[in-house]
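Structure incoming, see below.
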Amino acid sequence: MTNEILEPGSVLGVLGGGQLGAMFACAARRMGYRVAVWDPDPDAPAHRSADESFVAPFSATATREEFARTVQGVTFEWENVPAELCEWIEGSLRVRPSGAVLRIIQDRIEQKRFLHANRLPVSTFIAIESPDQLADAVTQVGFPAVCKAATSGYDGKGQWLIRRGSDLEEVARTLRGGSGHRSRWIVERFVDFERELSVLVVRGENGECQTFPVVENLHQGGILRMTRVPAPIHQDVAGRAAELAGHAVALLNGIGVFCVELFHTSDSLFINEIAPRPHNSGHYTLDACTVSQFEQQVRVLCGLPLGEVRLVSPAAMVNLIGEDVRFVTSGQGCRDLLAMPGAMLHLYGKRIVRPGRKMGHVTFLAERRDETVERAQWLMQLLVAG
Ligand code: AMP
């Protein structure tokens with residue numbers, strides 16, 4: 001099964017129907033595949049780009065059987081889909097990345113333990129199973145610290161910064177008040193980073209590995225706001241970041257597209273986390289590279305050669321979060337944005353606007369890196385001004 005390619009015309013299944021699933025579906029359809037999207041939410045954006053839609057909870061047994069009968073290979077668009085479902089599908093079909101890799105990554109504690117055990121650089125951390133252990137754990141890792149729910153957190157949700165002793169009681173109270181399934185957390189030393197970087201790694205069946213250029217990410221309120229590429233860092237640092245990311249994915253024996261998020265301090269690199277899928281910080285690849293992260297996801301899943309990765313233009317990407325979307329969809333905002341040279345607008349078609357919800361993004365291309373960032377900053381200022 002593993003060495004055969006899935007030929008165009010095959011049906012590719014994707015678990016999860018958010019914007020990442022939709023962009024995967026578009027890439028797959030462009031390459032002649034059919035796509036089946038499974039997401040419990042009938043309004044999930046990827047259903048609009050699907051040939052077949054499955055709308056049911058991931059626990060629905062009849063749906064999993066029908067899905068497995070429909071598709072010839074499966075991937076997922078985020079790490080919180082059940083690993084058990086992926087493992088079950090793997091009994092008869094290829095799933096990329098594998099359920100075993102997903103299982104390690106979707107639990108922050110397991111993931112950090114894996115990285116640490118393999119001597120990859122991570123911030124000092126301690127796992128806790130009760131809010132009563134928080135104070136001790138923070139004392140051991142040192143202030144400031146970050147406490148994160150072991151599972152299901154994303155975009156800064158389920159995450160608390162503990163700057164000083166007086167923050168402890170309030171965070172412990174919040175943990176006690178949380179829902180029952182959140183009974184494990186990881187407490188990490190806060191890394192005083194100069195920059196946040198990320199690297200997309202694509203690793204094929206035969207161990208062939210490619211990395212996209214290192215990007216710099218700017219977060220606001222735990223959510224990615226802007227990505228710029230190439231990252232404004234010394235070539236040596238970029239080389240080390242790419243090597244570290246590739247090494248981490250190889251140690252995982254990951255087959256698929258991975259995003260390795262890093263902290264760059266004055267003298268070191270630390271791995272923050274690995275996502276087993278295309279990533280928001282890689283959206284620029286749609287417009288600025290010879291192959292996008294989503295096309296690579298299709299290629300890996302289908303056992304095809306990986307696409308040549310080449311940055312054809314510097315780029316800066318700005319996320320459209322919550323109410324930002326109103327600006328770019330109003331007559332004047334839309335005109336101003338699209339009149340800007342090199343601005344590429346992507347809207348995800350989500351009908352309900354919520355604070356913190358990713359509604360779309362804009363990628364700015366220009367000949368010089370500085371110009372892309374100036375244009376991105378122009379947009380961010382307009383968005384803040386509302
Ligand atoms: P995560 O969900 O782990 O990617 O965290 C979201 C964001 O929180 C990161 O991109 C960082 O900006 C910040 N963050 C998380 N963990 C740490 C840490 N140990 N030190 C400093 N910042 C962190």
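The values are calculated or read from the model by the stated rules, or taken from the named source; none is laboratory data. Because the structure is a prediction, the values reported are computed rather than measured. A quick note on method: Cβ atoms are made from the backbone with ideal geometry, for glycine too, and the neighbour counts reach across all protein chains shown.
Scan segment 262-290 for residues that are under 20 Å from residue 361 (Cα atoms) and either out of contact with any strand residue (DSSP E or B) (no Cβ under 9 Å at 6 or more places or on another chain) or within 13 Å of the ligand (Cβ to nearest atom) (or both) and report the count.
4
Identify the single condition in (1) under 30 Å from residue 107 (Cα atoms); (2) of a type outside the set (Phe, Trp, Tyr); (3) away from the ligand (no atom under 16 Å from the Cβ) that residue 321 does not satisfy, given that it satisfies every other one.
Just one mismatch for residue 321, condition (3).
This table checks each residue for (1) free of Cβ contacts under 8 Å to residues at least 60 places away in the same chain; (2) under 27 Å from residue 374 (Cβ atoms).
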{"position": "282", "(1), (2)": "no, yes"}
{"position": "300", "(1), (2)": "no, no"}
{"position": "311", "(1), (2)": "no, yes"}
{"position": "315", "(1), (2)": "no, yes"}
{"position": "319", "(1), (2)": "no, yes"}
{"position": "329", "(1), (2)": "yes, yes"}
{"position": "339", "(1), (2)": "yes, yes"}
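In addition: Does residue 169 qualify as being of a type in the set (D, E, K, R), more than 10 Å from the ligand (Cβ to nearest atom) and modelled with pLDDT under 95?
yes
Another one. Looking only at segment 250-261, which residues are part of a helix (DSSP H, G or I) and touching a strand residue (DSSP E or B) at 6+ places or on another chain (Cβ under 8 Å)?
Once the filter is applied, which keeps residues that are part of a helix (DSSP H, G or I) and touching a strand residue (DSSP E or B) at 6+ places or on another chain (Cβ under 8 Å), segment 250-261 yields 250, 252.
Sort out which residues of segment 129-173 are among the small types (Gly, Ala, Ser) and either under 30 Å from the mean Cα position of the chain (by Cα) or assigned to a loop (DSSP other than H, G, I, E, B) (or both), and write them in order of number.
130, 137, 142, 145, 149, 150, 152, 153, 156, 158, 172 - these are the residues of segment 129-173 that are among the small types (Gly, Ala, Ser) and either under 30 Å from the mean Cα position of the chain (by Cα) or assigned to a loop (DSSP other than H, G, I, E, B) (or both).
State yes or no: is residue 192 among the acidic types (Asp, Glu), within 14 Å of the ligand (Cβ to nearest atom) and either farther than 25 Å from residue 254 by Cβ or out of contact with any strand residue (DSSP E or B) (no Cβ under 7 Å at 6 or more places or on another chain) (or both)?
Considered against the rule, which asks whether it is among the acidic types (Asp, Glu), within 14 Å of the ligand (Cβ to nearest atom) and either farther than 25 Å from residue 254 by Cβ or out of contact with any strand residue (DSSP E or B) (no Cβ under 7 Å at 6 or more places or on another chain) (or both), residue 192 comes out as yes.
Scan segment 310-349 residue by residue and report those that are touching a Cys at 6+ places or on another chain (Cβ under 8 Å) and surrounded by 18 or more Cβ atoms within 10 Å (Cβ to Cβ).
328
Right, another one. For segment 225-269, name all the residues that are free of Cβ contacts under 8 Å to residues at least 60 places away in the same chain and closer than 30 Å to residue 355 by Cβ.
231, 257, listed by residue number.
Going by what's in this entry, would residue 216 be described as within 16 Å of the ligand (Cβ to nearest atom), more than 23 Å from residue 361 (Cβ to Cβ) and either in the same structural domain as residue 275 (by TED's automatic domain parsing) or touching a residue at least 24 places away in the same chain (Cβ under 8 Å) (or both)?
No; evaluated as a whole, the condition is false for this residue.
Looking at segment 142-162, I want the residues that are under 26 Å from residue 77 (Cβ atoms) and have a partner that is in a loop (DSSP other than H, G, I, E, B) and more than 7 Å from the ligand (Cβ to nearest atom) with Cβ atoms under 6 Å, at least 6 apart or on another chain. Which pairs are those?
Hits for this filter: 149/158; 149/182; 150/107; 150/184; 151/107; 152/80.
Let me ask something else. Take the residues in segment 67-109 that are free of Cβ contacts under 8 Å to residues at least 12 places away in the same chain and either of a type in the set (Ser, Thr, Tyr) or assigned to a helix (DSSP H, G or I) (or both); name whichever of them is surrounded by the most Cβ atoms within 10 Å (Cβ to Cβ).
Ranking the candidates gives 90 first.
Scan segment 124-150 residue by residue and report those that are surrounded by fewer than 19 Cβ atoms within 10 Å (Cβ to Cβ), within 12 Å of the ligand (Cβ to nearest atom) and farther than 19 Å from residue 169 by Cβ.
Listed by number, the list holds a single entry, 124.
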